[in-house]
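**Q** Please read through the structure below; I'll follow up with questions.
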Amino acid sequence: MTDPIPSLPTAYDAAAIEASAQEFWQQNQCFKAVEDSAKEKFYCLSMLPYPSGALHMGHVRNYTIGDVVSRYQRMLGKNVMQPMGFDAFGLPAENAAIKHKVPAAQWTYSNIDYMRTQLKALGLAYDWSREVITCKPDYYRFEQALFIKLFEKGLVYRKNSVVNWDPVEQTVLANEQVSPDGRGWRSGALVEKKEIPQWFFKITAYAQELLDELDNLKDWPDSVKTMQRHWIGRSEGLEIDFALIDNAISDKLTVYTTRPDTLCGVTFISVAAEHPLAKHAAASNAELAAALADLSKGGTAEAEIEKAEKRGVALGIDAIHPITRAKVPIWAANFVLMGYGTGAVMAVPGHDQRDWEMASKYGLPITQVIRAPIDSGVDLTAGAYIDYGVCMNSGKYDGLAFKAAFEAIAADLSAAGRATRKVNFRLRDWGVSRQRYWGCPIPMLYRADGSSVPVPLDQLPVILPENVAFSGVTSPLKTDPNFINYTDPVTGEKLTRETDTFDTFVESSWYYARYCSPGANTMLDARANHWLPIDLYIGGIEHAVMHLLYFRFWHKVMRDVGFVSSNEPATKLLCQGMVVADTYYRQETEDGPKTYFTPTEVSVERDAKGRALRAILLKDSAPVVIGAVEKMSKSKGNGVDPQSMIDKYGADTVRLFSMFAAPPDQSLEWSETGVEGMHRFVKRIWRMVTEHLAAGATTGVFSNADATSEQKELRTQLHEAIAKVGRDVGERLNFNTAIAAVMELTNAISKFDETSDNARTLRQECWSAITLMLAPIAPHLCHQLWQMLGYRSLILDQPFPQAEACALVRDDVTLAVQVNGKLRGQITLAKSTANADIEAEAKIAVAKYLEGMTVKKIILVPGKLVSIVVA
RNA sequence: GCCCGAAUGGCGAAACUGGUAGACGCAGCGGACUUAAAAUCCGCCGGUUGGCUAAAACCACCAUGCCGGUUCGAUUCCGGCUUCGGGCACCA
């Protein structure tokens, strides 16, 4: 089994080893996944990249994690499927088209071609025959068909909603294109909120299920589930009608509240600036119209709205309080969202901070109607009292606590027909219309009267024209008669096409399922249920809510139209941290712009302890500022090109370092000296294996009976490492400690200098196990080492090493001895020592700390420590 | 503003279920080999706290962002802060 290799390569040559392994995998189609019901399946998926131009280190980290798990699961004997694709629609392609006059399609496809070669250079075990490119009609046609199906089921509808409007460019801006002070990124103009009709998915119809099933996602991080719970935001409250006094468009205004106990503290009502009541009042009042326009200045981002000063304007309309019958004025306020609840809230300035701020600003009355259960005095001059408490100044409800007041008011108002109990969700329906070119066309048509009809199914797909030029910043679709004009093939009716495209989250909501049905002429076929749900889904924590909620929603929709049978798309989720690096910069003036430098442009001086003292720019030898450790980005100059690292050190070193530098869910600090250290480790393994093989053939069977105590010790260390690596890679997904365990074992082998047959046999066992343990992480190296160690089999399908129970057994055990919780000694005893003898030995070991003391208690933690409590 | 995280030596980190804080690696320091350098190998490496010292060894004390609590024992659990990061519905 271990016949010597005739001519051993001498120096480690990453480029040659990696090219040869990759060629072998490609020629033998090693990673092509075929449905096989005889084997347990494992679907391992990393979030697909946006083809921005080149891979960044975040991709390398994400895809290496997926690849390590895939290769490990395969060694456990599972039928592994690991696909890859490109999320190809999106804003950057359109920005490139506008700025550099390069067609979005061309820009995207050439980026994909380059990034695919980079992924291949990393040696990732992908089944490329399943590749998905979301901007191709063969992909997006199926989401157009599903959209029409959902329209027919009533899960798609059209309504007005607000967007960021740049009044100079006359275009809609993405939140990203609005500066923090509310200005357009190109024009610098103050952005306005503008209402336009848009298409929506009724995700709220699934809100309860999306919430309930979080409990079944046992292997999702709690942080993600908590974020999703809060995002869905189920609340139980009351919809209360306030009768309107002499109003032309309605006789009542409905508000939603979770705090009906504060109802008697209502001193005004706030509605959104886009609320029908506000719009109607402004129609005949130019001054009010101007005030409302001023109120809607600024972008639509929630963070911006919440941080802005609370402002409002009185509409000159009054309502009647349903209990006190008092007159309540109605205001429009900049913090009320039309898209949430009824677009109107009852204002209780005594017990809601935002209402308090608005009331304070405009001199509206602030009434206390809740007091603390144990009355400690409440000061409403400093802010609202928002805790639950007991009603006061509330007539018959005085003295009731929250729950009792809620019930009493709900019962009374329901009986009077003025309120209904209502479960509300913070989650809003998913607006999918984008006024952009580079996206999937929304397959709808408009009649001359403005009504909408779906594109007939046999006329799908609606193909996005790829060969178009931007004349300004507006989507070319909006002015392309060839695209817009549509004649019904049956009736000859002239219609116009929808020119908006889908939110790109639509494509990324179902790509994972399409990987399971490559080439199918429906969205999915029966193969989807073979692979789904995903066994491990890996991606950045930044997707914790939006993508991962849309992805769950879409899976349920596909289930309800019969494409899949599972309820959830992924059983296990791993959110990896960011890749960060040091920054270096210079700043001429205190608030002037910072000029960033890359790590290769600077030199860092250190003191005798290795502390960084200062950094100088190599070009002019003058100092630069050592900045914070930040997420890698082009603008901060701290990005490291993965390709240059692969070229310099090889993919295996890059993969090993990415897995070693931090556990997967923490941020990873890139350090080139760290990469060099990992490269040393790789070369060390190579050299040690080469030396081991040069020492001659081994007998093949290790004899425990003849083993020296050093051999027994090394063999125990080997099997301890095997047990740890299996646990760390397979269960904990902590690849950093797995690599550390292999390093420790390597250090032990290096100290082991016996040369007997038995010793060489043990060394062969060690190197074979290390090769297998590292195979998922450094696959090219291990592919080569496996052959050098004399094995003819394919390492990809070798079983992952299992620890032998008898090799793990040690005769002695070392216990820590504590006195009053402080470590005071250690004892090493035979494993079989009786408890009474252990206690006696422990007392002897720490005798000087027990002098003059009374032993009150002895706590024995088996295999770990003895804790003696004295007084 | 709201929601979710994180914080441990000079640095990245480890400690898996409340049980010996700092495994493994980087940087640094000392040594071996070498004409020399590189590479490699060996050793040291929390503390400008105290004791004993010529120095070391050794011993004690302190130390896991800050303040407090529970416990024989807390990096780990609880309460209150601080700072940094992610998300907030049109970046993906």
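The values are calculated or read from the model by the stated rules, or taken from the named source; none is laboratory data. Keep in mind the model is a prediction, meaning the values are calculated, not measured. All Cβ positions, glycine included, derive from the backbone under ideal geometry; neighbour counts span all protein chains shown.
**Q** Tally the residues that are touching a residue at least 24 places away in the same chain (Cβ under 8 Å) and more than 13 Å from RNA strand B (Cβ to nearest atom), restricting the search to region A:518-556.
**A** Going through region A:518-556 one residue at a time, the tally reaches 20.
**Q** Can I ask one more? Just checking, does region A:620-637 include any residue being surrounded by 13 or more Cβ atoms within 10 Å (Cβ to Cβ), more than 16 Å from RNA strand B (Cβ to nearest atom), among the charged types (D, E, K, R) and at pLDDT below 90?
**A** No, there is no match, as no residue in region A:620-637 is surrounded by 13 or more Cβ atoms within 10 Å (Cβ to Cβ), more than 16 Å from RNA strand B (Cβ to nearest atom), among the charged types (D, E, K, R) and at pLDDT below 90.
**Q** Considering only residues that are under 15 Å from the mean Cα position of the chain (by Cα) and among the acidic types (Asp, Glu), look in region A:215-245 and name the one that is nearest to RNA strand B (Cβ to nearest atom).
**A** Result: A:Asp222.
**Q** Could I ask something else about it? Name the residues in region A:307-330 that are more than 16 Å from RNA strand B (Cβ to nearest atom), within 41 Å of the chain's Cα centre (by Cα) and surrounded by fewer than 22 Cβ atoms within 10 Å (Cβ to Cβ), would you?
**A** Across region A:307-330, the qualifying residue is only A:Val313.
**Q** For the condition of a type outside the set (A, V, I, L, M) and more than 26 Å from A:Asn79 (Cα to Cα), what is the one hit in A:Thr522, A:Thr600, A:Thr571?
**A** A:Thr600
**Q** Show the residue pairs meeting these rules: Cβ distance below 7 Å; 6+ apart or different chains; first residue within region A:157-183 and in a loop (DSSP other than H, G, I, E, B) and modelled with pLDDT under 95; second residue among the aromatic types (Phe, Trp, Tyr) and within 11 Å of RNA strand B (Cβ to nearest atom).
**A** A:Ser179/A:Trp185
**Q** Do we find a residue being more than 10 Å from RNA strand B (Cβ to nearest atom), out of contact with any Lys or Arg (no Cβ under 8 Å at 6 or more places or on another chain), on the phi > 0 side of the Ramachandran plot and assigned to a loop (DSSP other than H, G, I, E, B) anywhere in region A:679-699?
**A** The answer is no; no qualifying residue exists.
**Q** Can I ask one more? Quick check on this structure: which one of A:Leu91, A:Leu48 is of a type outside the set (Gly, Ala, Ser), under 26 Å from the mean Cα position of the chain (by Cα) and over 30 Å from A:Glu169 (Cβ atoms)?
**A** Sole residue among the options that is of a type outside the set (Gly, Ala, Ser), under 26 Å from the mean Cα position of the chain (by Cα) and over 30 Å from A:Glu169 (Cβ atoms): A:Leu48.
**Q** Is there a residue being out of contact with any Cys (no Cβ under 9 Å at 6 or more places or on another chain), among the aromatic types (Phe, Trp, Tyr) and away from RNA strand B (no atom under 12 Å from the Cβ) anywhere in region A:655-666?
**A** no
**Q** Regarding A:Pro465, is this residue touching a residue at least 12 places away in the same chain (Cβ under 8 Å), buried (at least 19 other Cβ atoms within 10 Å of the Cβ) and not basic (Lys, Arg)?
**A** no
**Q** Then there's this: Limited to region A:786-833, what total is found for residues that are hydrophobic (A, V, I, L, M, F, W, C), part of a loop (DSSP other than H, G, I, E, B) and at pLDDT below 90?
**A** Qualifying residue count, region A:786-833: 1.
**Q** Now, a different point. Only one residue in A:Gly395, A:Gly389, A:Gly350 is buried (at least 22 other Cβ atoms within 10 Å of the Cβ), more than 16 Å from RNA strand B (Cβ to nearest atom), touching a residue at least 60 places away in the same chain (Cβ under 8 Å) and over 26 Å from A:Ala303 (Cβ atoms). Which one?
**A** Matching residue, one of A:Gly395, A:Gly389, A:Gly350: A:Gly350.
**Q** Which of the residues belonging to region A:141-162 are in contact with an Asp or Glu (Cβ under 8 Å, 6 or more places away or on another chain) and within 13 Å of RNA strand B (Cβ to nearest atom)?
**A** A:Asn160, A:Ser161, A:Val162
**Q** Oh, and also: Could you tell me whether A:Ala293 is surrounded by fewer than 18 Cβ atoms within 10 Å (Cβ to Cβ) and without any contact (Cβ under 8 Å) to a residue 60 or more places away in the chain?
**A** Considered against the rule, which asks whether it is surrounded by fewer than 18 Cβ atoms within 10 Å (Cβ to Cβ) and without any contact (Cβ under 8 Å) to a residue 60 or more places away in the chain, A:Ala293 comes out as no.
**Q** Name the residue that is nearest to A:Arg687 (Cα to Cα), counting only residues in region A:728-768 that are crowded, with 17+ Cβ neighbours inside 10 Å and among the hydroxyl-bearing types (Ser, Thr, Tyr).
**A** A:Thr746
**Q** Let me ask something additional. Report the residue count in region A:327-371 for those that are closer than 17 Å to A:Asn247 by Cβ and among the small types (Gly, Ala, Ser).
**A** Selection size over region A:327-371: 3.
**Q** Any idea which residue in region A:58-92 is farthest from RNA strand B (Cβ to nearest atom), counting only those that are assigned to a helix (DSSP H, G or I) and among the charged types (D, E, K, R)?
**A** Among residues in region A:58-92 that are assigned to a helix (DSSP H, G or I) and among the charged types (D, E, K, R), the one farthest from RNA strand B (Cβ to nearest atom) is A:Arg74.
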